[in-house]
Structures are given as C-alpha cells and as structure tokens.
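Beneath this line is the structure, given in structure tokens, with notes to follow.
The values are calculated or read from the model by the stated rules, or taken from the named source; none is laboratory data. Small disclaimer: the values here were computed from a predicted structure and weren't measured. Here Cβ is always computed from backbone atoms with ideal geometry, including for glycine, and neighbour counts include all displayed protein chains. Remember, those area values only see protein heavy atoms, side chains included, never the ligands or the DNA or RNA. Shrake-Rupley method; radii C 1.70, N 1.55, O 1.52, S 1.80 Å.
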Amino acid sequence: MTNYEYAKNTYAKYGIDTEKAMEILKDVPVAIHCWQGDDVGGFDSDEALSGGIQATGNYPGKAKTPDELMADIDKAFSLVPGKKKLNLHASYAIFEDGERVDRDKLEPKHFAKWVEFAKKRNMGIDFNPTFFSHPMVKDNLTLSSPDEEVRRFWVEHGKACVRIAEYFASETGVPSVINFWIPDGYKDIPADRYAPRERFKKSLDEILAVPFDRKKVYVTLESKVFGIGLESYTVGSAEFCLSYATANGITPLMDNGHYHPTELVSDKIPTLLLFNENIALHVTRPVRWDSDHVVIFDDETKEIAKEIVRCDALERVFIALDYFDASINRVAAWVIGARNMQKALLNALLTPNESLAKLQAEGDFTHVLAISEELKTLPFGSVWDEYCERCGVASGAEWIGLVDEYEREVLSKR
Ligand code: RNT
Ligand code: ZN
C-alpha cells in the first residue's frame, strides 16, 4: 500500500473522500501577488515605498526589471500546485520605446506585456491601482485629499485602472478582480473625521461612474485599521468599506493583517457571505502588526480556508495573497506562502464539515472537540504530496532544492 492509499483509507473512516477533495481544489483560483518579487517596488518610479506599509530585509537577488520579475514568477508558480491568477499593481506598468506616462494617464497598452505573459500561461489577471509611492500622495492623502488637484489625479488613476482591468478580462477571458486600497490617514488625532471620508466616498463614486462590464470586472474595496505613520485615523476603515461596498454593489475585501490583533477574519467570513454575493480576501500573516510575513500553515490560515469551504463559498470568495518579505529568498517566500494557502484549502476540504456541524447542532460539543483534535494528526502530508504530484509540481521538500539551484544560477548573478 502506498502512503497515499493508507491516507485515503484513514480519511475514509471519517467519511472523507480524498479524491473528491483534490478534484475540487485543482479548480480553485488563488491570486498570487507580483509584489512579493521586488518588495512592492514596481517599475514606474524610483520612489521609496510609502503609504504606511513596509518591506523589511535586503536579501540579495531582487528582481529589478520586468524580465527578471517574470522569470521569478515563472519559477515560483512552477512550484505551486493548483490554479493561479496573476495579481498586478498599476506601478508594474511596462513602458516601451522611452514612453512614460503618469498614473492618471495609464492605458491598457502599458500592460500588454503582462497580458502576453498571462495568456501564454493560461492565467487570468487581477489588478490594483497604486495609491502610494508617488509624489502626488500629499500629506499621506490620495482619494480623500482636500487638495482638489491631488484628488482628481487619483480619481483619474482609479478610472484608468478600471479600464485596464476590463482589458485584462477581455484579453484573458477570465474576469478581473480590481482592488482599491488607499493608505489615507493621519498620524495624530484628527480634528475632522467626517470630511475625509466624505471625499473618499465622492471619489469612489466618480471612479465607478466610468462605464465597465460588471461581469468582467469585480471591484473590491479593502479596509484597514492603521498604517505606519498613520496610527490615529484611517479613512478607509472597516465600517467605511463595508458600508460603501454594500451600498454600491461592489465587493468588500478583508486583509487579515488589517484588524485589531484579537479579531479574526475567519469569523467575519460567514457574516459577509450572508450579505454579499462575493467577498474578497488578502491572506497574509501579521506578526504583532500588519507586518505582511509569509503565510504559514497556521491555525488562522486553516480556519479561513475552512470557513470558505464550510460556507460552500469556493466560487464566491476571491482568494488573494498579500505579503512581502525581503529578508529571505523572495522566490521561496512566494512558494512557501502559496503552497500553504493550497494546503489550508486541501485541509479544509479534508474536514468532515457536515458531520461536525450536525454534532454542533445536536449540542454534542464533546464529539466536536474530540474529533476536531483527532483530525489534526491524520496523514495529511501524504494527500498533499499526492496532490502536488498530480498537479505536476514537486512534492514534499523537493521544491527547496529547486529554488536553491535557481538562486545559484540566476538570483546570485544579479
Ligand atoms: C496595505 C494593503 C494592500 C497592499 C498592496 C501592496 O496594507 O494590504 O493590499 O499590501 O496593495
Ligand atoms: Zn492587503
């Protein structure tokens, strides 16, 4: 009997079909963020990373050109099982023949290279306007700025990005999720909390007035609680973003680094699913703050995946990764986080959710706890290895040697 056959039989004793779990998982898209490859640097300017976010570390080998970033993405994606989407930021526009435009003037053609890249790999593209690392961010404000020139610039950027997302969808045939996140906020206690939010609301209204096909472009809005240097007030708070999304038929996005430390996004998922057709996630790992550490196979990542699966919402939740670690090999960081998201989803699909829910409804909390704890030591690794192999991807620790080799042959020569 192979390890997998043994695992399959063990799971079957709990009423779990490992074959079905793998079959479902291989079609669940996870959006992988381009910005892990270069510490959220982008190609459109040399501005330092701003917006109250930070990538710490200076591991050698960072991608500095589109070709390098694409090569690194290829390497990383080749080591991650399952279906992938490419998640781009507007700052990764690729200008050709010396042409350069500012962010308010971006056009689909500035992303033609990315479309070509994605099409060849049969992937859809998700998108993010970039409201940071730019001289038009004044006093840490963009769409909520009281300076009309600043606000208009960023509204035009938002509109340009909606058009680009529609282009991605049309070209790849896969709907594009475009996420709006602005860093806007104040370091110290504001004298006026209302007006900035009123201006943010007006700006979003203006952006969404641009005609676009809602079957091709899903607009999401990401909330946040604080940023570095923006500790006292965040314009796009949880209440703002949830209310705006509900009122305007767009999709709320929760980043699990954007809440107070004892709040759990896993717990918020079912509530939002009750009130929204779709929801979106940025899966990350906050360590003491919104530190964007690499996603690991920890309890909260598992619980997030379980809620998606239990709520039968694999098709309603847009899953994306959002972390940036510059202190370790960046390709390995991508692979570790993305494999762990896949593991969490597989683990959720290998959980007897219906029978556990039944026990809970019957008030049998003893069995819920006892079985949940037994599940933790089932031979999960053997199903995971089987899944990787069926996806044509290195199983177990094999991938580590492949990244080491890439580091020796490519990254260390940069
Ligand atoms: C910042 C948000 C946002 C960014 C990316 C780069 O706190 O999480 O999603 O991380 O847009
Ligand atoms: Zn995020």
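Consider segment 49-62 and keep the residues that are buried (at least 16 other Cβ atoms within 10 Å of the Cβ) and over 20 Å from the mean Cα position of the chain (by Cα). The one that is farthest from ligand 2 (Cβ to nearest atom) is Gly61.
Got at least one residue in segment 361-378 being under 26 Å from the mean Cα position of the chain (by Cα) and either part of a helix (DSSP H, G or I) or among the hydroxyl-bearing types (Ser, Thr, Tyr) (or both)? No: segment 361-378 contains no residue that is under 26 Å from the mean Cα position of the chain (by Cα) and either part of a helix (DSSP H, G or I) or among the hydroxyl-bearing types (Ser, Thr, Tyr) (or both). Which ones in segment 246-276 are away from ligand 2 (no atom under 15 Å from the Cβ), within 22 Å of Gly185 (Cα to Cα) and either in a helix (DSSP H, G or I) or not charged (D, E, K, R) (or both)? Within segment 246-276, His260, Pro261 meet the criteria.
Determine whether segment 314-324 contains at least one residue that is within 26 Å of Lys85 (Cα to Cα), without any contact (Cβ under 8 Å) to a residue 40 or more places away in the chain and not charged (D, E, K, R).
Kept after step one, since they are within 26 Å of Lys85 (Cα to Cα), are these residues of segment 314-324: 314-324.
Restricting the remaining residues to those that are without any contact (Cβ under 8 Å) to a residue 40 or more places away in the chain gives 315.
Filter again for not charged (D, E, K, R), leaving none.
The answer is no, given that none of the residues of segment 314-324 is within 26 Å of Lys85 (Cα to Cα), without any contact (Cβ under 8 Å) to a residue 40 or more places away in the chain and not charged (D, E, K, R).
Within segment 16-26, is even one residue on the phi > 0 side of the Ramachandran plot, in a loop (DSSP other than H, G, I, E, B), open to solvent by 10 Å² or more (accessible area, probe 1.4 Å) and at pLDDT 95 or above? Scanning segment 16-26, I find no residue that is on the phi > 0 side of the Ramachandran plot, in a loop (DSSP other than H, G, I, E, B), open to solvent by 10 Å² or more (accessible area, probe 1.4 Å) and at pLDDT 95 or above, so the answer is no.
Return the only residue of Pro190, Pro211 being in a loop (DSSP other than H, G, I, E, B), within 30 Å of Lys120 (Cα to Cα) and more than 16 Å from ligand 2 (Cβ to nearest atom). Full working, then the answer.
Details: Pro190 fails: within 30 Å of Lys120 (Cα to Cα).
Just one listed residue meets the conditions, Pro211.
For segment 101-123, the criterion of being within 16 Å of ligand 2 (Cβ to nearest atom), within 29 Å of Ser232 (Cα to Cα), open to solvent by less than 50 Å² (accessible area, probe 1.4 Å) and out of contact with any Lys or Arg (no Cβ under 7 Å at 6 or more places or on another chain) is met by none of the residues. Scanning segment 27-42 for residues that are within 16 Å of ligand 2 (Cβ to nearest atom) and either over 26 Å from the mean Cα position of the chain (by Cα) or part of a loop (DSSP other than H, G, I, E, B) (or both) yields Asp39, Val40, Gly42. Restricting attention to segment 277-308, the residues being open to solvent by less than 20 Å² (accessible area, probe 1.4 Å), touching a residue at least 40 places away in the same chain (Cβ under 8 Å) and either among the β-branched types (Val, Ile, Thr) or away from ligand 2 (no atom under 16 Å from the Cβ) (or both) number 7.
Condition check for Leu221 on (1) open to solvent by less than 10 Å² (accessible area, probe 1.4 Å); (2) in contact with an Asp or Glu (Cβ under 7 Å, 6 or more places away or on another chain): one failure, at (2). Determine, yes or no, whether Pro252 is within 16 Å of ligand 1 (Cβ to nearest atom), open to solvent by 50 Å² or more (accessible area, probe 1.4 Å) and within 18 Å of the chain's Cα centre (by Cα). Considered against the rule, which asks whether it is within 16 Å of ligand 1 (Cβ to nearest atom), open to solvent by 50 Å² or more (accessible area, probe 1.4 Å) and within 18 Å of the chain's Cα centre (by Cα), Pro252 comes out as no. Kindly establish whether Ala195 is under 19 Å from the mean Cα position of the chain (by Cα) and either of a type outside the set (D, E, K, R) or within 16 Å of ligand 2 (Cβ to nearest atom) (or both). So Ala195 fails the test. When Arg408, Arg390 are checked against the criterion of being open to solvent by 40 Å² or more (accessible area, probe 1.4 Å) and touching a residue at least 12 places away in the same chain (Cβ under 8 Å), Arg390 stands alone in meeting it.
Do the conditions hold for Leu143, that is, is it assigned to a helix (DSSP H, G or I), of a type outside the set (Lys, Arg), surrounded by 23 or more Cβ atoms within 10 Å (Cβ to Cβ) and modelled with pLDDT of 95 or more? Can you show your working first?
Numbers: assigned to a helix (DSSP H, G or I): no; of a type outside the set (Lys, Arg): yes; surrounded by 23 or more Cβ atoms within 10 Å (Cβ to Cβ): yes; modelled with pLDDT of 95 or more: yes.
Judged against the criteria, Leu143 is not a match.
Ser45 falls short of the stated requirement of being of a type in the set (Ser, Thr, Tyr), within 16 Å of ligand 2 (Cβ to nearest atom) and in a loop (DSSP other than H, G, I, E, B). For segment 166-187, a residue qualifies if it is in contact with a helix residue (DSSP H, G or I) (Cβ under 7 Å, 6 or more places away or on another chain) and in a helix (DSSP H, G or I), and the qualifying residues are Tyr167, Phe168, Glu171, Thr172.
Within segment 67-87, the set of residues being open to solvent by 20 Å² or more (accessible area, probe 1.4 Å), under 13 Å from Gln36 (Cβ atoms) and either hydrophobic (A, V, I, L, M, F, W, C) or at pLDDT below 95 (or both) comprises Phe77 only.
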